[in-house]
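Notes to accompany the following structure.
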Amino acid sequence: MTKTKTALITGVTGQDGSYLAELLLGKGYHVHGIVRRNSDFTSKRIDHLLTRPDFVTSYGDVVDSSSLHSLLVEVKPVEIYHLAAQSHVGVSFQIPDYSAQVNALGTLRLLNAIKELKLDCRFYQASTSELFGGLPETAPQSESTPFTPRSPYAIGKLFSYWSVRNYREAYGLHASNGIFFNHESPRRGKNFVTKKISQAVARIKQGTQDNLRLGNLDAERDWGYAREYVEAMWLMLQQPQPNDLVVGTGVRTSVRRFTELCFAEIGIVLEWSGKGVSEVGRDKKTGKTLVSVDPVYFRATEADLLQADPRRANEKLKWKPKTDVAKLAQLMLRYDLAHEDYGFPDEA
Ligand code: NAP
Ligand code: GDD
């Protein structure tokens, strides 16, 4: 009889954590999720899993070594997916110390607990394209592109990246960095740009919001679909050797273009005029201003252009994203037209 595998997910209440939990449960794993204490429940994305006997959650926090240590002893996972993070780049400029505690030291705490406990498990670290800093001259970015992080978020994640490599080399851990480019979904947090746009466009269509204020419209990102990307996380831990791999679509799109794609879904063609903070997007038919620029969303330093060169991962994992950015905008917009909040079943 084969023994059921137990996987531990930090950040299980987040966008990726919820999709990964579903994927692993579908593969027959027992899934144990770490949930941090908040002033209210944050389980909206995993509420539909909470009654399952093969899905368990415990309170823990990646800034609290003792909780991590106890959970590892109790759960004895064979795979750990470390997704917990203060994941908002813009916010990391306002809370740099906390962002480092979570995004840098959180990973170290987990790695060190695994080492101290001599736990026989594989470890996935949610690394990020933000390590590259988005300098246009380095695009597209691959595993050999130099790292030039440009935010407290990215600097913390760089520490985690090297911690994974160090524990792998020094102690032989099967620990991997998934250097993932942006991935979105209807479950995306509402203060990330794609969800902010799709939700606003849905509300504009429904007459409950007047217009949309954005920051840098010129920033370019390589946007994929989160539900697909969690499979690449799992595949990375099924490889005989640990590795650090870039995962993305290879296609870049500006914030301005993503906005156009969402408005097109409700039959509105945007016409842009003005420059910089004076730029506006108007409804071509009515002339109404629907999009304007608000410098409050600018970042002190910005990753201008992130575009993956994902060839190595495509080859090693035999995996490629299927959803392009137009399809992604469509599925997010359709979800937001039908739902005010996260809820299930969603976009399937
Ligand atoms: P997300 O939706 O913001 O989820 C973050 C998760 O981390 C949430 O479950 C959050 O809990 C949890 N968390 C935050 N601080 C914690 C702490 N101190 N202790 C324990 N848990 C904590 O992020 P995501 O988009 O799913 O991303 C998952 C991971 O991938 C993150 O590490 C992110 O930095 C990284 N990443 C994401 C992308 C992307 O495009 N999505 C790309 C590259 C890398 P609450 O629910 O309580 O807030
Ligand atoms: N959030 C936000 N809000 N971003 C805006 C806005 C706005 O109103 N207007 C323009 N932007 C621009 C940002 O300046 C950035 O260039 C781009 O839109 C994307 O911003 P986010 O959606 O906040 O994501 P991110 O790219 O900064 O970070 C995400 O992807 C990283 C991988 O590259 C997060 O998921 C990170 O956790 C992840 O590591």
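Descriptive notes on the structure:
- Taken over region 200-232, residues that are within 13 Å of ligand 2 (Cβ to nearest atom) and either out of contact with any Lys or Arg (no Cβ under 6 Å at 6 or more places or on another chain) or among the hydroxyl-bearing types (Ser, Thr, Tyr) (or both) amount to 14.
- When Thr259, Thr289 are screened for being within 14 Å of ligand 2 (Cβ to nearest atom) and either at pLDDT 95 or above or aliphatic (A, V, I, L, M) (or both), only Thr259 passes.
- Failed criterion for Tyr167 (all others in (1) under 14 Å from the mean Cα position of the chain (by Cα); (2) under 19 Å from Asn103 (Cβ atoms) hold): (1)
- Number of positions in region 43-69 that are within 12 Å of ligand 1 (Cβ to nearest atom), surrounded by 14 or more Cβ atoms within 10 Å (Cβ to Cβ) and within 21 Å of Tyr19 (Cα to Cα): 9
- Once region 82-111 is narrowed to residues that are more than 12 Å from ligand 1 (Cβ to nearest atom) and without any contact (Cβ under 8 Å) to a residue 40 or more places away in the chain, the residue that is nearest to Arg36 (Cα to Cα) is Asp97.
- Only one of the listed residues (Lys322, Lys285) is part of a loop (DSSP other than H, G, I, E, B), away from ligand 1 (no atom under 16 Å from the Cβ), on the phi < 0 side of the Ramachandran plot and touching a strand residue (DSSP E or B) at 6+ places or on another chain (Cβ under 8 Å). That residue is Lys322.
- Residue within region 261-271 that is on the phi > 0 side of the Ramachandran plot and either among the hydrophobic types (A, V, I, L, M, F, W, C) or in contact (Cβ under 8 Å) with a residue 40 or more places away in the chain (or both) present: no
- Of all residues in region 127-142 being part of a helix (DSSP H, G or I) and either out of contact with any helix residue (DSSP H, G or I) (no Cβ under 7 Å at 6 or more places or on another chain) or of a type in the set (A, V, I, L, M, F, W, C) (or both), the one that is nearest to ligand 2 (Cβ to nearest atom): Ser129
- Residues that are farther than 24 Å from Thr253 by Cα, surrounded by fewer than 20 Cβ atoms within 10 Å (Cβ to Cβ) and touching an Asp or Glu at 6+ places or on another chain (Cβ under 8 Å) do occur in region 70-88, at least one of them.
- Residue count, region 161-193 (criterion: within 12 Å of ligand 2 (Cβ to nearest atom) and free of Cβ contacts under 8 Å to residues at least 60 places away in the same chain): 1
- Within region 107-121, the presence of at least one residue that is within 16 Å of ligand 2 (Cβ to nearest atom) and out of contact with any Cys (no Cβ under 8 Å at 6 or more places or on another chain) is confirmed.
- Test result for Ala300, of a type in the set (A, V, I, L, M), in contact (Cβ under 8 Å) with a residue 60 or more places away in the chain and part of a loop (DSSP other than H, G, I, E, B): yes
The values are calculated or read from the model by the stated rules, or taken from the named source; none is laboratory data. Just so we're clear, the structure is a prediction, and the values are computed from it rather than from any experiment. Here Cβ is always computed from backbone atoms with ideal geometry, including for glycine, and neighbour counts include all displayed protein chains.
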